[in-house]
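Each reported figure results from applying straightforward, stated rules to the coordinates on display, with no laboratory input. This is a predicted model, so every value here is computed, not measured. Neighbour counts run over all protein chains shown; Cβ positions are idealised from the backbone, glycine included.
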Amino acid sequence: MSRLQPARGTTDLMPAAMAGHQRVIGTARATAGLYGFQEMATPIFEFAEVFSRPLGDSSDVVTKETYNFTDRGGETLTLRPENTAGVVRAMISNGLTQSLPLKFFYAGPMFRYERPQKGRMRQFHQIGIEYLGPRDGLADAEIIGCGARILDDLGVLDRCTLHLNSLGDSESREAYRAALVDFFTAHEANLSQDSQARLKANPLRILDSKDAGDRAIIAEAPRLDAFLNDGSRRHFDSVTGALDGAGIAWSFDPLLVRGLDYYCHTAFEFITDALGAQGTVLGGGRYDGLSEMLGGPPVPGVGWAAGVERLAMLVGDVVPAAPPVAVMPMDGDAEGAAFALAETLRAVGIAVDLPTGGAIGKRLKRADRAGVRIAVILGSDEVAGGSAQIRDLGAGTQQEVAQAELATVLHAMLGEGQTS
RNA sequence: GCGGGUGUAGCUCAGUUGGUUAGAGCGCCAGUUUGUGGCACUGGAGGUCGCCGGUUCAAAACCGGUCACUCGCCCCA
């Protein structure tokens with residue numbers, strides 16, 4: 001194997017993989033548009049504080065997973081590990097807090113320094129939406145509905161389960177956190193090492209520990225829903241009520257917590273068991289305090305992000321589109337005429353490949369395998385007579401057609417809307 | 001950061017208790033077919049056996065290290 005490899009945790013998106021990504025992104029873009037989300041993009045790197053302030057010290061994403069670097073001007077920059085903070089920063093930077101509500105869709109690469117695994121890369125891609133401004137639970141339900149519809153459009157919803165929880169407002173959360181610390185401190189000696197560390201850094205995270213011993217203790221731990229105050233409970237009820245009313249299936253998961261500090265109220269994940277350990281395919285929640293953490297005015301928001309690689313794996317192989325027509329000169333003498341003819345066809349919207357050189361048989365074979373449906377063959381006889389041979393590679397039939405009629409005949413053979 | 005598995009041709013993989021020139025299928029190239037693909041047949045090209053070191057008369061095989069991939073932990077999309 002060559003030493004010329006991509007850096008660890010990165011990969012080339014060759015056409016077959018790219019086709020899968022494009023299917024995911026294209027579907028998401030179209031469906032998000034159906035909900036009124038407009039596409040935007042933020043820079044791939046930001047000042048480090050954009051991520052370090054809101055994500056919180058307890059988050060592994062910031063403490064050990066970010067790519068940080070100093071540029072020639074001495075600025076400390078971070079490759080974005082996620083995009084919500086960047087979108088909210090963009091809202092503030094562009095003075096859009098006067099123009100609420102805002103609905104954004106994005107797609108692009110994210111970067112986390114982690115040990116690569118199935119469905120986990122150091123450079124990976126996310127699609128996501130952010131709904132900025134609304135405080136009510138209907139907005140939460142709407143973005144969840146949008147996520148569900150995208151999964152459905154991709155044909156993977158039936159392999160996913162929607163897990164839903166409420167983290168409550170800061171008051172509820174603090175009360176719960178205190179109770180949880182009390183409880184787990186009493187059991188500290190029996191917790192796994194990882195969870196003992198989490199007890200100090202981020203006690204909520206103990207709840208989704210996979211350690212068997214931890215799980216036994218967790219089963220006895222106080223539940224978050226018992227600590228929700230009236231406002232938090234009302235908010236959660238409005239979300240679940242809206243989901244039920246729209247027929248969106250969900251299951252209550254009191255152990256679902258999010259790794260990032262800025263989440264409050266609604267937390268949700270679409271989880272599949274078809275991808276091994278990385279089962280979360282789309283996840284998000286409400287982040288009402290984020291704007292203030294970044295130094296902006298208080299602006300509530302909800303959003304989610306989904307992993308393009310993970311979704312593409314669920315979707316399965318996607319065959320990259322090949323041009324349906326290949327114009328082939330018999331030999332070098334016909335190349336000029338073939339190029340001119342190909343250009344004529346492209347001008348009327350027919351996608352055309354122009355394989356030259358080598359034996360005609362070889363080119364026909366390649367074209368057939370690549371999915372080309374029709375070969376237009378030009379030899380010296382055809383060039384002299386102003387005609388072309390049209391060969392249907394599926395049927396094996398061939399006919400001679402005047403070049404002037406070629407576009408019309410090809411359109412008819414390919415059918416409407418299938419010319420590209 | 002921690003643990004397990006795997007690295008042999010472009011791809012998928014064989015390779016016996018360590019033994020002489022490392023194989024197969026697919027793919028690729030050429031021919032049978034000098035203006036035409038799929039099928040068949042014939043021939044051909046293609047390998048630092050991931051890398052470095054060690055053991056041995058002898059290493060693709062055994063040992064150590066290293067790199068990469070992979071699965072899990074952690075974390076998360």
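Relative contact order for chain A: what percent, with Cα pairs under 8 Å and sequence separation of 6 or more? Intermediate results must be reported in sequence, preceding the final value.
Working: 725 pairs, mean separation 68.6, N = 420.
Once normalised by length, the contact order is 16 percent.
Here the 3J(HN,Hα) profile of the stretch A:355-372, calculated from phi with Karplus coefficients 6.51, -1.76 and 1.60 at θ = phi - 60°, is x, 10, x, x, 5, 4, x, 4, 5, 4, 4, 4, 4, 4, 5, 6, x, 5 Hz, Gly and Pro shown as x.
Once backbone amide H atoms are built at 1.01 Å from N, A:Met328 has A:Val376, A:Ile377, A:Leu378 as its partners under 5 Å, excluding neighbours fewer than 5 places away on the same chain.
Residues whose amide H falls under 5 Å from that of A:Arg373, counting only those 5 or more places apart or on a different chain, are A:Val325, with hydrogens built in the peptide plane. Direction-averaged projected area, Cα convex hull, the stretch A:325-414: 5.0 nm², rounded to one decimal. For A:Lys210, give me every one of the aspartates and glutamates with a C-alpha distance below 16 angstrom, ignoring sequence neighbours fewer than eight places off in its own chain. The reachable aspartates and glutamates, counting only those whose Cα sits under 16 Å from A:Lys210, are A:Asp194, A:Glu220, A:Asp253, A:Asp273. Beta bridges per DSSP, both residues in chain A: antiparallel share near 85 percent. Note: relative contact order over the stretch A:325-414, using C-alpha pairs below 8 Å and six or more positions apart, is 28 percent.
Here the Karplus relation 6.51 cos²θ - 1.76 cosθ + 1.60, evaluated at θ = phi - 60°, turns the backbone of the stretch A:285-295 into coupling constants of x, 9, 9, 4, x, 5, 4, 5, 4, 8, x Hz, with x for every Gly and Pro. Rounded to whole numbers, the Karplus 3J(HN,Hα) couplings from phi for the stretch A:158-166 are 6, 9, 10, 10, 8, 9, 9, 8, 10 Hz, using 6.51 cos²θ - 1.76 cosθ + 1.60 with θ = phi - 60°, and x at Gly and Pro. May I ask for the angle, rounded to the nearest 10°, between helix A:137-153 and the longest principal axis of chain A, with both axes built from Cα atoms and the value confined to 0 to 90°? Once rounded, one gets 30 degrees. Over the residues of chain A, the helix contribution to mean residue ellipticity at 222 nm works out to -11500 deg cm²/dmol, using -39500 (n - 2.57) for each DSSP H run of at least 4. Ordering of A:147-153, A:251-257, A:85-91, A:106-112 by packing is A:85-91, A:147-153, A:106-112, A:251-257, highest average first (other Cβ atoms within 10 Å, averaged per residue). Taking the three principal axes of the alpha carbon atoms in chain A, the coordinate ranges are 92, 51, 47 Å, sorted in descending order.
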